[in-house]
Amino acid sequence: MTPDVRAVQVRGLRKSFGQVAAVAGIDLDVPRGCFFGLVGPNGAGKTTTLSMATGLLRPDAGTVLVDGVDVWRDPRGAKRRIGVLPEGLRLFERLSGRELLEFSGRLRQLPADVVAQRSGELLETFGLAGAGNQLVVDYSTGMRKKVALAVALLHNPGVLFLDEPFEAVDPVSARTIRDVLTRFTSRGGTVVFSSHVMELVERLCDEVAIVNGGRVVAAGPVDVLRAGRSLDDVFVDLVGARGWGVGALDWLGG
Ligand code: ATP
């Protein structure tokens, strides 16, 4: 692993669904140890980008390198290096949280004692120790997110791709997730996550890419993009606040 290789390098990524160009030529450069935010309005192409970057959705064109390894040419090599919190959280519902971690550990070919130790620590850290033997099908949305995040961390990957990790989690859990991820990046790990919460992105991220209509409309260090303003204002300026039509919603609250 040469030190100057980017943790993630995306070039010319494209994906269309019928007539809809969900991702229309995206380039991203994510340095090692970076907390990188992918932000954009609903339908901008964030999930589609993350799905292609993590080997879940085949691109129409473009390349994704993780630590210099091509995700689509060497999927196994790339997947060893990444942890993923995918959209939709499709989990094995009939396993308990602890069993889910154990199963993931086996898939990752980790020794059983390592899995047991890490699973215990992860369940404890995310406040799921008491629910470790409960079936995932009975978990709340926030609990599902946290156990899925634990699965993403279990094999100690170099790069984490997280689709909306803070959505649906309570404030205490959000703080725990923040602390875990900050510790991860401070030790050289890289986090790429999508979010709509600008305050969080502003506070956490070193770099950000603002995506709109399947394209990157601005990217760089957060402080440079902000240029003294709030990221929220920059975001709204760039993606364009949608005005209300004359007379629209006049009936509401009347
Ligand atoms: P959100 O913030 O609402 O989660 P997003 O930025 O993650 O949005 P995507 O989910 O990547 O956006 O969607 C980008 C575009 O691609 C949208 O127009 C969406 O309708 C379309 N799209 C995404 N997945 C599919 C699919 N499987 N089939 C058809 N269209 C799709």
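The values are calculated or read from the model by the stated rules, or taken from the named source; none is laboratory data. The shown structure was predicted, so the numbers you read here are calculated from the model rather than taken from an experiment. Don't worry about glycine lacking a Cβ; one is built from the backbone with ideal geometry, like all the others, and counts go over all protein chains shown.
Looking only at the stretch 194-224, which residues are buried (at least 20 other Cβ atoms within 10 Å of the Cβ) and at positive phi?
Of everything in the stretch 194-224, just one residue is buried (at least 20 other Cβ atoms within 10 Å of the Cβ) and at positive phi, namely G214.
Criterion first (touching a residue at least 24 places away in the same chain (Cβ under 8 Å) and within 16 Å of the ligand (Cβ to nearest atom)) does G214 satisfy it?
yes
What tally of residues in the stretch 136-165 results from selecting those that are part of a loop (DSSP other than H, G, I, E, B) and either away from the ligand (no atom under 15 Å from the Cβ) or surrounded by fewer than 23 Cβ atoms within 10 Å (Cβ to Cβ) (or both)?
Residues in the stretch 136-165 being part of a loop (DSSP other than H, G, I, E, B) and either away from the ligand (no atom under 15 Å from the Cβ) or surrounded by fewer than 23 Cβ atoms within 10 Å (Cβ to Cβ) (or both): 8 in total.
Within the stretch 77-133, track down each residue that is over 22 Å from S173 (Cβ atoms), exposed (fewer than 14 other Cβ atoms within 10 Å of the Cβ) and of a type in the set (K, R).
Hits for the stretch 77-133 are R94, R106.
Here is a list of conditions, (1) without any contact (Cβ under 8 Å) to a residue 60 or more places away in the chain; (2) within 27 Å of E199 (Cβ to Cβ), and E164 meets all of them except one; can you say which number that is?
Of everything listed in (1) without any contact (Cβ under 8 Å) to a residue 60 or more places away in the chain; (2) within 27 Å of E199 (Cβ to Cβ), E164 misses just condition (1).
Can you tell me which residue is nearest to D163 (Cα to Cα) among those in the stretch 45-61 that are surrounded by fewer than 23 Cβ atoms within 10 Å (Cβ to Cβ) and not charged (D, E, K, R)?
Ranking the qualifying residues of the stretch 45-61, first place goes to T47.
Quick check on this structure: which one of D60, D67 is in contact (Cβ under 8 Å) with a residue 60 or more places away in the chain, acidic (D, E) and in contact with a strand residue (DSSP E or B) (Cβ under 9 Å, 6 or more places away or on another chain)?
On inspection, the qualifying residue turns out to be D67.
Looking at (1) small (G, A, S); (2) closer than 27 Å to G25 by Cβ; (3) more than 14 Å from the ligand (Cβ to nearest atom), which one does A209 not meet, given that it meets all the others?
Condition (3) is where A209 drops out.
How many of the residues in the stretch 166-190 are small (G, A, S) and either in contact with a His (Cβ under 7 Å, 6 or more places away or on another chain) or not in a helix (DSSP H, G or I) (or both)?
3
Here is a check on your reading of the model: is F193 under 30 Å from T141 (Cβ atoms), within 15 Å of the ligand (Cβ to nearest atom) and either part of a helix (DSSP H, G or I) or modelled with pLDDT of 90 or more (or both)?
Spelling it out, F193 is indeed under 30 Å from T141 (Cβ atoms), within 15 Å of the ligand (Cβ to nearest atom) and either part of a helix (DSSP H, G or I) or modelled with pLDDT of 90 or more (or both).
Of the residues that make up the stretch 178-189, is at least one polar (S, T, N, Q) and closer than 24 Å to A22 by Cβ?
No: zero hits.
So which helices (runs of 4 or more DSSP H) stay within the stretch 1-120 end to end and still have 3 or more residues that are within 16 Å of the ligand (Cβ to nearest atom) and at pLDDT 95 or above?
46-53
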